[in-house]
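Scroll down for the structure; my scribbles are underneath it.
The values are calculated or read from the model by the stated rules, or taken from the named source; none is laboratory data. Here the structure is a predicted model, which means the values were calculated and not measured. When we count neighbours, we look across all protein chains shown, and the Cβ atoms used for this are built from the backbone with ideal geometry, even at glycine. Only protein heavy atoms, including side chains, enter the accessible area calculation; ligands, DNA and RNA are left aside. Shrake-Rupley method; radii C 1.70, N 1.55, O 1.52, S 1.80 Å.
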Amino acid sequence: MNSEHGHGHHRAGPDPRTESHLTPEQTQALEARVQALEAVLVAKGFVSPATLDALASLYEHDIGPMNGAKVVARAWVDPAYKQRLLTDATAAIAELGFGGLQGEHMVVVENTPTVHNVVVCTLCSCYPWPVLGLPPTWYKSAAYRSRVVIDPRGVLREFGLELPESVEVRVWDSSAELRYMVLPERPAGTEGMSEAELAALVTRDAMIGVAKVCVKSDRA
Ligand code: FE
């Protein structure tokens, strides 16, 4: 993983909505390149296969959007926590036990009925790993990175999110120094839900800002 900017390690995707836009042949070629790279790194003694497996497993099972969802749900039920989250996100997120690599300097921005926030890394793929896991392919695509800045409403519309003109859209550019997460609006009709039930509603896309949180029965 490269957290530096400007190294040209991106792949352009034809459509920012498409999670997996590689053909089977491209995927095969990519896997071959990764394996070749891994073989060289292992042979030179830079990494061990066990370490790589442990890292992959960590991000598959223990680190992901479920962490961010817990942060969001806590903020929804605990106004004092929400205040701390908006004031010093890194510390408030650490209160729930999340932090570390690529999450050292976090900022959380709050969606309201009048303001909608969306996060991008225009230069590469900076993303808050401890709360959201690894970024989706579209987040790293040149199409998303360039277009969300120029035409955020248009890009959000492609994700199925139509925002009224009265809502201000703010685009936040994550970097190696500062990573953003969106605190989505708590949906109506969730007043009786427990914190765990609320967390189960929160999606990765809502915390990037390309979707809203819906109650499950409302989902397509
Ligand atoms: Fe970046």
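Candidates in region 108-136 are the residues that are modelled with pLDDT of 95 or more, assigned to a loop (DSSP other than H, G, I, E, B) and over 16 Å from S175 (Cβ atoms); of these, the one that is nearest to the ligand (Cβ to nearest atom) is N111.
Residues in region 180-211 that are open to solvent by 10 Å² or more (accessible area, probe 1.4 Å) and not small (G, A, S): Y180, E185, R186, P187, E191, M193, E195, E197, V202, T203, R204, D205.
Taking the conditions (1) farther than 27 Å from G103 by Cα; (2) open to solvent by 60 Å² or more (accessible area, probe 1.4 Å) in turn, R147 satisfies each one other than (1). Of the listed requirements (1) touching a residue at least 60 places away in the same chain (Cβ under 8 Å); (2) more than 27 Å from P187 (Cα to Cα); (3) open to solvent by less than 50 Å² (accessible area, probe 1.4 Å), H105 misses just one: (3).
Residues checked against (1) more than 19 Å from N67 (Cα to Cα); (2) touching a residue at least 60 places away in the same chain (Cβ under 8 Å); (3) of a type in the set (D, E, K, R):
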site	(1), (2), (3)
Y81	no, no, no
A89	no, yes, no
N117	yes, yes, no
S125	yes, yes, no
V131	no, yes, no
W138	yes, yes, no
D151	yes, no, yes
A176	yes, yes, no
M181	no, yes, no
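Of the helices (runs of 4 or more DSSP H) lying entirely inside region 141-217, those containing at least 3 residues that are away from the ligand (no atom under 16 Å from the Cβ) and not acidic (D, E) span 152-158, 195-201, 204-208.
If the requirement is being in a helix (DSSP H, G or I), small (G, A, S) and closer than 22 Å to E197 by Cβ, which of these qualifies: A56, A69, A32? After ruling out the rest, the residue left standing is A69.
Are any residues in region 80-98 surrounded by fewer than 18 Cβ atoms within 10 Å (Cβ to Cβ) and outside any helix (DSSP H, G or I), and if so, which ones? If the condition is that a residue be surrounded by fewer than 18 Cβ atoms within 10 Å (Cβ to Cβ) and outside any helix (DSSP H, G or I), then D88, L96, G97 are the ones that fit. Among the residues of region 153-174, those that are touching a residue at least 24 places away in the same chain (Cβ under 8 Å), open to solvent by 20 Å² or more (accessible area, probe 1.4 Å) and not aliphatic (A, V, I, L, M) comprise E158, F159, G160, S166, E168, R170, W172, D173.
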